[in-house]
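The values are calculated or read from the model by the stated rules, or taken from the named source; none is laboratory data. Everything numeric here is computed off the predicted structure, so don't read it as measured data. Counting neighbours? That spans all protein chains shown, and the Cβs are built from the backbone with ideal geometry, glycine included.
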Amino acid sequence: MKKYVLSSHAKTVITERSIETEWLERVFSKPDKLDADPDDPELTHAFGRIAEHGNRVLRVVYNASVRPITIVTVYFDRRMRNKL
């Protein structure tokens, strides 16, 4: 497992959106898909299906150019539902 820290925003949204830390870590460590951020070259978007949450797609956005890696935000992405 890569080492990471959560931004204050990520900490807040994980709680507000009832996202399990295990789900975040699963997608972060073994994503189904990776995309570069279209606006910020330092950010990477990792996607993964969460079977135990209705097979929804979790998006984990992180900055790997800093140490430790910083997870910027996490959310279920409705637009990716049929793309993975």
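Things to note:
- Positions within region 37-55 being in contact with a helix residue (DSSP H, G or I) (Cβ under 8 Å, 6 or more places away or on another chain) and assigned to a strand (DSSP E or B), in sequence order: Ala46, Phe47, Gly48, Ile50
- Neighbours by Cβ (under 6 Å, 6+ apart or cross-chain): first from region 23-36, more than 16 Å from Leu84 (Cβ to Cβ); second surrounded by fewer than 18 Cβ atoms within 10 Å (Cβ to Cβ) and among the hydrophobic types (A, V, I, L, M, F, W, C): Ser29/Met1
- One residue alone among Val27, Val5 is in contact with a Leu (Cβ under 8 Å, 6 or more places away or on another chain) and either on the phi < 0 side of the Ramachandran plot or surrounded by 13 or more Cβ atoms within 10 Å (Cβ to Cβ) (or both), and that residue is Val27.
- Odd one out for Ser18, checked against (1) surrounded by fewer than 12 Cβ atoms within 10 Å (Cβ to Cβ); (2) over 21 Å from Asn82 (Cβ atoms); (3) modelled with pLDDT of 95 or more: (3)
- Hits in region 67-81 (condition: touching a helix residue (DSSP H, G or I) at 6+ places or on another chain (Cβ under 8 Å) and either among the basic types (Lys, Arg) or free of Cβ contacts under 8 Å to residues at least 60 places away in the same chain (or both)): Phe76
- Given (1) of a type outside the set (A, V, I, L, M, F, W, C); (2) in contact (Cβ under 8 Å) with a residue 60 or more places away in the chain; (3) not in a helix (DSSP H, G or I), number of the condition His9 does not satisfy: (3)
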